[in-house]
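Working notes, beginning with the structure itself.
Nothing in this text is a laboratory measurement; each read-out follows from the coordinates by a stated rule. No experiment lies behind these values; they were computed from the predicted model shown. When we count neighbours, we look across all protein chains shown, and the Cβ atoms used for this are built from the backbone with ideal geometry, even at glycine.
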């Protein structure tokens with residue numbers, strides 16, 4: 001399903017915000033990223049025990065597409 005993101009110039013900015021962060025997990029993810037700082041994928045998964053790996057991945061991709069979070073790939077040293 002394609003989401004309709006409201007244009008703040010034409011509509012209400014509250015509607016736009018709620019449309020972007022709607023759902024069960026996005027607000028929880030944003031809360032932890034804001035107050036806990038940068039977290040790795042596995043750290044987020046441990047912080048939010050009720051979320052599945054698939055749902056975490058989908059929600060993070062949506063937040064990245066909406067430019068609310070930025071993904072950084074870090075190479076681990078062996």
(request) Just give me the residues in segment 43-62 being in a helix (DSSP H, G or I), in contact with a helix residue (DSSP H, G or I) (Cβ under 7 Å, 6 or more places away or on another chain), surrounded by 11 or more Cβ atoms within 10 Å (Cβ to Cβ) and free of Cβ contacts under 8 Å to residues at least 24 places away in the same chain, in sequence order. (result) 44, 45, 47
(message) Of everything in segment 24-42, what is in contact with a helix residue (DSSP H, G or I) (Cβ under 9 Å, 6 or more places away or on another chain), surrounded by fewer than 14 Cβ atoms within 10 Å (Cβ to Cβ) and in a loop (DSSP other than H, G, I, E, B)? Give them in sequence order.
(response) 24
